[in-house]
Amino acid sequence: MPQYKRVVIKLSGEALAGDQGFGLSPQIVKSVAQQIKEVVDLDVEVALVVGGGNIWRGKIGAEMGMERANADYMGMLATVMNALALQDSLENLGVETRVQSSIVMTQVAEPYIRRKAVRHLEKKRVVIFAAGTGNPYFSTDTTAALRAAEIEADVILMAKNNVDGVYSADPKLDTTAVKYDQLTYLEVIQQGLQVMDSTASTLCMDNNISLVVFSLMEDGNIKRAVLGEPIGTVVSK
């Protein structure tokens, strides 16, 4: 039995690039779509928030001397490209999907309207939230927290491409790093753990939204997270 009725799945853009590190890996996109279909088949309502780091990084803009707001808007547009790729892949599997963008672009996506998003979810359509919050200076982590609060999701499932949970330090750099099974948001903030940015962590804590951090790279992990199996790290209030 699924542990949750309505979930927000947060995917990093880098996860969709696979080993190539840039752009979209067809195999990864298909794999992610298949994993999401497995969750939809459990009669769970699914919303997605996807990053854009596989197409554009704000760090590149900084190196170019670009104004931060412009660099962030470019990142938001990158998330729309990823959202459309996921939508196409999901619909090829017969999963009805809607993309809602925080930046109005009616030719390719619906504008984000909370009540409409909830209605889509109730009709068992997957909703992909694109273009972040529509504002610069906010990450897609914050978008996931904000949208989860707005649609009253039970949990945020944060699927990572490089780690299988939250560690005390970067396990690739520090062999003594310890993996946590459970944490509170206060511990995450106080210890400066790189789970999500502090704005997103605070938003989740204030709205009592649980977070499960796990590896995307193992097939079936999204379904396992939805079923409440002990994978990754659970962060809660």
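Tell me, yes or no, whether region 100-117 has at least one residue that is at positive phi, in contact (Cβ under 8 Å) with a residue 24 or more places away in the chain and either in contact with a strand residue (DSSP E or B) (Cβ under 9 Å, 6 or more places away or on another chain) or in a loop (DSSP other than H, G, I, E, B) (or both). No, region 100-117 has no match at all.
Annotation note: Cβ proximity below 7 Å between a residue of region 176-190 that is touching a residue at least 12 places away in the same chain (Cβ under 8 Å) and a residue that is among the basic types (Lys, Arg) (sequence gap 6+ or interchain) occurs for 184/237; 185/237. In the set (1) of a type outside the set (A, V, I, L, M); (2) part of a loop (DSSP other than H, G, I, E, B); (3) under 15 Å from the mean Cα position of the chain (by Cα), residue 75 fails one condition alone, (2). Taken as a whole, the condition of being under 22 Å from residue 234 (Cα atoms), hydrophobic (A, V, I, L, M, F, W, C), touching a residue at least 60 places away in the same chain (Cβ under 8 Å) and touching an Asp or Glu at 6+ places or on another chain (Cβ under 9 Å) does not apply to residue 39.
From the list 153, 159, 144, which residue is aliphatic (A, V, I, L, M), in contact (Cβ under 8 Å) with a residue 60 or more places away in the chain and in a helix (DSSP H, G or I)? One residue alone meets the criteria, 144.
Listed by position, the helices (runs of 4 or more DSSP H) contained in region 1-69 that have at least 2 residues being crowded, with 22+ Cβ neighbours inside 10 Å are 13-17, 26-40. Residue 15 - would you say it is among the aliphatic types (A, V, I, L, M), modelled with pLDDT under 95 and touching a Leu at 6+ places or on another chain (Cβ under 7 Å)? The answer is yes for residue 15.
Within region 161-176, is even one residue under 27 Å from residue 37 (Cβ atoms) and hydrophobic (A, V, I, L, M, F, W, C)? Write out each step before concluding.
At the first step, the residues of region 161-176 found to be under 27 Å from residue 37 (Cβ atoms) are 161-165.
Of the ones still in play, those that are also hydrophobic (A, V, I, L, M, F, W, C) are 163.
Yes, region 161-176 contains a residue that is under 27 Å from residue 37 (Cβ atoms) and hydrophobic (A, V, I, L, M, F, W, C).
Out of the residues in region 152-188 that are within 15 Å of the chain's Cα centre (by Cα) and β-branched (Val, Ile, Thr), state the one that is nearest to residue 231 (Cα to Cα). Within region 152-188, the match that is nearest to residue 231 (Cα to Cα) is 163.
Whether a residue is surrounded by 15 or more Cβ atoms within 10 Å (Cβ to Cβ), over 19 Å from residue 3 (Cα atoms) and of a type outside the set (S, T, N, Q) was assessed, and residue 200 passes this test.
The rows are residues; the columns are (1) under 16 Å from the mean Cα position of the chain (by Cα); (2) more than 22 Å from residue 214 (Cβ to Cβ).
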| position | (1), (2) |
| --- | --- |
| 3 | no, no |
| 13 | yes, no |
| 39 | yes, no |
| 56 | no, yes |
| 106 | no, yes |
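The values are calculated or read from the model by the stated rules, or taken from the named source; none is laboratory data. Since the structure is predicted, the reported quantities are computational estimates derived from the model, not experimental observations. FYI the Cβ positions are ideal-geometry reconstructions off the backbone, even for glycines, and counts take in every protein chain you see.
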